[in-house]
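Have a look at the structure below before the remarks.
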Amino acid sequence: MATNTLDDEDATDYEETESALETALRQLSAAATHVDVDDGVIERLKHPTRVVEVGVPLKRDDGSVEVFTGYRAQHDDVRGPYKGGLRYHPEVTAEECTGLSMWMTWKCAVMDLPFGGAKGGVVVNPKDLSPGEKERLTRRFAEEIRETIGPKKDIPAPDMGTDAQTMAWFMDAYSMQEGVTTPGVVTGKPPVVGGSEGREEAPGRSVAIAAREALRYYDKTVDGATVAVQGFGSVGANAARLLDDWGADVVAVSDVNGAAYDTDGLDTYAVPSHEEQPEAVMTYDAPNTLTNEELLELDVDVVIPAALGNVLTADNADDVQADIVVEGANGPTTSAADTILDERGIPVIPDILANAGGVTVSYFEWLQDINRRQWSLERVNDELESMMLSAWNDVEAEVEAGDVSWRDAAYVVALGRVGEAKASRGLWP
Ligand code: GLU
């Protein structure tokens, strides 16, 4: 297992078992068997529209020059502008960005957002950059992909290794070159430059809503439910604290160093989140500790992998004892583990539904930028709640109707919408 943590929005492991693109393609083929979409449309959806590669030169603080590689993969825009994060990670590849961009297409479609899917990044370890270097790299990257993106074309956002400050630099660089302040070119910005209230907490909030709805579906309540959360970054910590607020017993949370464990429930606000103090979960005075592997095998009502991709694999899926898995990270479950969990009757609420709160509030942010009118936090959270419930109900209806897994059901909803849009627009020329 890789040792990268969920520093920012989400993370995908770079374990060699299965790449994000392989998983995404497998999931697409599986879903295609459950939905009446033309073969030609499925074929088109197996390929991205384009993957742009750029060189990003950076003058280091010591005066030397290094050139990094950056990507922007645009999967599909039949329903609206491309949308998706930018990650800074040493193992970013064109293939990885492509797989992640496909997930964004489905995530936006399952939420019924008027966006398509994209993902990009720079092959760099952000921990090796000083703040000044990170700023210069971001500005130059923004310039190198300026022609590819735009508020009506492709709207980046934070992802692993990037954050609100990165988006503010990116927006400034784009705006300076275009000669007009353009907040809508990226989302996930600080509210003072057109960011939305509630954007930071949104992916964690949607994970908590998904867990709550899953518990309800399986005749349980959040109140008194036991929960284990892998990863205490923005997704894991916000999900854990919200579930704690709603009465759940969050018995274990972890970071890269391991898990704090208390069968009576942790005080989730007293455990430092990654934003509050990086990699400090183990400083919490818990009666017990666990490894990250042990956390995933706890006998709890809900386990939430919210740190890395590919953490539930053929090696440990048989040992999962939770009643429900809710995916906080992007791609935490390999295809093999998905099959095993399905056979064992353990439902997996997929990432494209569970963590879609991030891109949903990105959509709200984009609307606020275009209209030059800020929404209150209350409005953001109310509209997120109602969009999550509406997506949940659409997916639940497919589960009920088709005897399919939650993942396949979410794909059926997403693929149905994308397929219909493709059929209606037709193939040009
Ligand atoms: N990076 C986030 C995701 O994977 C958010 C993308 C966005 O807001 O555009 O969903």
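Each reported figure results from applying straightforward, stated rules to the coordinates on display, with no laboratory input. Predicted, not measured: the structure shown is a model, and the values here were computed from it. Note that each Cβ is placed from the backbone with ideal geometry, even for glycine, and that neighbours are counted across all protein chains shown.
Worth pointing out:
- Most fluctuating residue given options GLY84, GLY224, GLY121, as computed from a GNM of the chain linking Cα atoms under 10 Å: GLY224
- Mean separation of Cα contacts under 8 Å (6+ apart) over length of segment 283-378, as relative contact order %: 22 percent
- VAL180 versus ALA401: modelled label distance in nm, points set 7 Å from Cα along the beta carbon direction: 4.3 nm
- Members of LYS107/LYS134; LYS83/LYS152; LYS119/LYS422; LYS59/LYS153 lying beyond 18 Å, as alpha-carbon distances in this model show: LYS107/LYS134; LYS119/LYS422; LYS59/LYS153
- Computed over segment 247-307, the Cα gyration tensor eigenvalues convert (square root of 5λ each) into semi-axes of 16, 13, 11 Å, ordered from largest to smallest.
- Value of Rg/Rh across segment 307-429 [Cα atoms, Kirkwood radius]: 1.05
- Take every Cα pair under 8 Å whose residues are at least 6 apart in sequence, average their separation, divide by the length of segment 180-286, and the relative contact order is 20 percent.
- Hz values of 3J(HN,Hα) by residue in segment 368-379 - Karplus curve (6.51, -1.76, 1.60), Gly and Pro given as x: 5, 5, 5, 8, 6, 9, 7, 8, 6, 4, 4, 5
- Rh (Kirkwood; distinct C-alpha pairs) - segment 212-347, Å: 14.5 Å
- 5 angstrom amide H check on THR49, placed H, neighbours 5+ away: GLN74, HIS75, ASP76
- Amide hydrogen neighbours beyond the local backbone of VAL253, cut-off 5 Å, H modeled: VAL229, ALA260
- Phi-based couplings in Hz for segment 132-144 (Karplus 6.51, -1.76, 1.60; Gly and Pro marked x): x, 5, 5, 5, 5, 4, 5, 4, 6, 4, 4, 5, 5
- Listed residues PRO191, PRO158, PRO350, most fluctuating in the chain (Gaussian network, C-alpha, under 10 Å): PRO191
- Gained length - SER29 relative to ALA270, 0.36 nm times residue gap less alpha-carbon distance: 82.4 nm
- Applying the Karplus relation 6.51 cos²θ - 1.76 cosθ + 1.60 with θ = phi - 60° to segment 280-291 yields 3J(HN,Hα) values of 10, 4, 6, 6, 5, 7, 9, x, 9, 10, 9, 7 Hz, where x marks Gly and Pro.
- The mean sequence distance of close C-alpha pairs (under 8 Å, at least 6 residues apart), as a share of the length of the chain, puts its relative contact order at 19 percent.
- Per-residue ellipticity at 222 nm, computed for the chain from helices alone with -39500 (n - 2.57) per DSSP H run of at least four residues, works out to -13000 deg cm²/dmol.
- FRET efficiency, 1/(1 + (r/R0)^6) with R0 35 Å, evaluated for VAL192 and ASN316 via beta carbons: 0.20
- Whole-number D in µm² s⁻¹ for the chain, Kirkwood Cα-pair radius fed into Stokes-Einstein, 10 °C, 1.306 mPa s: 74 µm²/s
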